[in-house]
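A short write-up of the structure that comes next.
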Amino acid sequence: MSDATLDASPRPRAAASDLYRAVWRWHFYAGLFVLPFLITLAVTGAGYLFRDEIDAIIHADIKRVEVAQTGTLSPEALVASAVTAVPGRAVKYTDPPTAAASAEVTVATDDGRRMAVYVNPYEGYVLGARPDRSTVMWTVRYLHSLRYFGPVARGVIEIVGGWTILLVATGIYLWWPRGQAGGVLSVRGDRRRRVFWRDTHAVTGIVVGGFIVFLAVTGMPWSQVWGGKVNEWANGHNFGYPSGVRVDVPMSDQRLTDTAQTSWSLEQARVPETPPPAQGAAPIGLNAAVAAFERLGLHPGFSVALPSSPTGVYSGSAYPDDLAQQRVVHLDQYSGRSLVDMSYADYGPMGRWLEFGINTHMGQQFGLANQILLLAVCGGIVLLAVSGGVMWWKRRPSRSMGVPPMPADRRVFRGLLAILAVGGVLFPLTGASLLVMLALDTAIRRLRGTASHAAA
């Protein structure tokens, strides 16, 4: 064996060690930033998976009714009862989704509030009223999306999503078997030992990592920059409706998301206007509009946004778990003619893919099996966060954050930073946060180097 061979043999090992340290260091930073958010998202997301079941239990007094042998009252009668109890202008009527469910009427009060009024559809009396979208599960949804924390929160969601993907990618590299038997698919030791928490973290991560990436990507549509741009791309420029869909009727400046709950793909869609009516023409009324929506086959439980002006329309929207049944129909308020009729099948390829991902993300697609699977994934995310925190606590040096050591050869960062740059281009806010983190890491290293030099 030559001297050259002897000299060269340690270099691959040194290079591998340097790369491992570099990946470990960025995995640490990603975890430091992301894990607190992931815990919040996992806990709130787990609850929201069963929103219908939980709301039906917690708010049973206003959402559930005894099924009567008599028929239900007309929608107009139910709206009149709601407005009598809560004075104001009715803006939306939601048909009972089942025979044992109440009807919901949204009322805009004179003092600027929006109230959800729940009415017994058989007897017409009001079961109760509360601020619109104030049920327990709406609160959980807003916590999940960080909506309570202002407009900056949508940007934070995008950053967290991008960093989460980085966390999973670096975690897979760190988990990759390198001749060891334990810590790959089995957990060594007991809870008193750091190796137990390391292996728990690694094994859990490899099991749920793919699901975490899926949830991160499918949660991106609600983000600030990425979500807005993709929404624009997916929908085209035809009044916010998907590309290729002709909208040949007059359009108002009102957005569909302002009048009713809608799919992500139609959030920016503009509501059409009713053409000028003939002299003396009268609106068809809510009863006729509901009957028209039923004839058109809208899924039970659809909502009807009521016209707010002489040129307004009746907007019926249904968003059940089945994507094929999700639909929005706008009716001329005088003739009852359908002006725009949009369903999942009308979305472009990008819109259909994104809506499928969103539907699966929310636990709607594939029924109970998906709910249970995502519940387990949420539990795995919490376990990842806890095990990572315990592992760090056990290994951290005294009076130090325990940041993994820098690689001996700093050039190893070049390839890693190139990969990070690609991710930054795909997710701009994430890229900007990566630059900030890199600058902070460089500044800290220089300060420590200066302090060490001064001490010497």
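Could you check segment 201-299 for helices (runs of 4 or more DSSP H) lying wholly inside it with 2 or more residues that are at pLDDT below 90?
Details: elements: 225-235, 256-259, 286-296.
It comes to 225-235, 256-259.
Would you say residue 427 is within 30 Å of residue 45 (Cα to Cα), among the aromatic types (Phe, Trp, Tyr) and either modelled with pLDDT under 80 or surrounded by 15 or more Cβ atoms within 10 Å (Cβ to Cβ) (or both)?
Working: within 30 Å of residue 45 (Cα to Cα): yes; among the aromatic types (Phe, Trp, Tyr): yes; either modelled with pLDDT under 80 or surrounded by 15 or more Cβ atoms within 10 Å (Cβ to Cβ) (or both): yes.
In short, yes.
Can you find a residue in segment 114-134 that is out of contact with any strand residue (DSSP E or B) (no Cβ under 9 Å at 6 or more places or on another chain), outside any loop (DSSP other than H, G, I, E, B) and either at negative phi or not assigned by TED's automatic domain parsing to the domain that holds residue 82 (or both)? I'd like the intermediate steps shown before the answer.
Within segment 114-134, the first condition is being out of contact with any strand residue (DSSP E or B) (no Cβ under 9 Å at 6 or more places or on another chain), and the residues that meet it are 122-124.
Cutting the leftovers down to outside any loop (DSSP other than H, G, I, E, B) gives us none.
Checked against the condition, which is being out of contact with any strand residue (DSSP E or B) (no Cβ under 9 Å at 6 or more places or on another chain), outside any loop (DSSP other than H, G, I, E, B) and either at negative phi or not assigned by TED's automatic domain parsing to the domain that holds residue 82 (or both), segment 114-134 yields no hits at all.
Which of the strands (runs of 3 or more DSSP E) found entirely inside segment 305-404 contain at least 2 residues meeting this: β-branched (Val, Ile, Thr) and at pLDDT 90 or above?
Values: elements: 313-318, 327-332, 338-343.
Passing ranges, in order: 327-332.
In segment 105-118, is there at least one residue being closer than 17 Å to residue 305 by Cβ and of a type in the set (Phe, Trp, Tyr)?
No, segment 105-118 has no match at all.
Would you be able to tell me the number of residues in segment 142-185 that are among the polar types (S, T, N, Q) and more than 21 Å from residue 49 (Cα to Cα)? Don't jump to the end; show me each part of the working.
Start the filter on segment 142-185 by keeping residues that are among the polar types (S, T, N, Q), which leaves 145, 164, 170, 180.
Narrowing the set further to residues that are more than 21 Å from residue 49 (Cα to Cα) leaves 170, 180.
Counting residues in segment 142-185 that are among the polar types (S, T, N, Q) and more than 21 Å from residue 49 (Cα to Cα) gives 2.
Identify all residues within segment 78-108 that are over 24 Å from residue 56 (Cβ atoms) and charged (D, E, K, R); write none if there are none.
The one that is over 24 Å from residue 56 (Cβ atoms) and charged (D, E, K, R): 89.
Only one residue in 269, 260 is touching a Leu at 6+ places or on another chain (Cβ under 6 Å), crowded, with 18+ Cβ neighbours inside 10 Å and small (Gly, Ala, Ser). Which one?
Working: 260 fails: touching a Leu at 6+ places or on another chain (Cβ under 6 Å).
After applying the criteria, what remains is 269.
Would you mind stating whether residue 346 is closer than 27 Å to residue 98 by Cα, more than 21 Å from the chain's Cα centre (by Cα) and acidic (Asp, Glu)? Before the answer, list the steps.
Values: closer than 27 Å to residue 98 by Cα: no; more than 21 Å from the chain's Cα centre (by Cα): yes; acidic (Asp, Glu): yes.
No, not satisfied.
In this structure, does residue 110 turn out to be assigned to a loop (DSSP other than H, G, I, E, B) and either more than 25 Å from the chain's Cα centre (by Cα) or modelled with pLDDT of 95 or more (or both)?
Numbers: assigned to a loop (DSSP other than H, G, I, E, B): yes; either more than 25 Å from the chain's Cα centre (by Cα) or modelled with pLDDT of 95 or more (or both): yes.
Against the criterion (assigned to a loop (DSSP other than H, G, I, E, B) and either more than 25 Å from the chain's Cα centre (by Cα) or modelled with pLDDT of 95 or more (or both)), residue 110 qualifies.
Please indicate, with yes or no, whether at least one residue in segment 182-200 is surrounded by 21 or more Cβ atoms within 10 Å (Cβ to Cβ) and among the β-branched types (Val, Ile, Thr).
Taking every residue of segment 182-200 in turn, at least one turns out to be surrounded by 21 or more Cβ atoms within 10 Å (Cβ to Cβ) and among the β-branched types (Val, Ile, Thr).
The values are calculated or read from the model by the stated rules, or taken from the named source; none is laboratory data. Worth saying up front: this structure is predicted, and the values here are computed from it rather than measured. Using ideal geometry, Cβ is built from the backbone for each residue, glycine included, and neighbour counts are taken over all protein chains shown.
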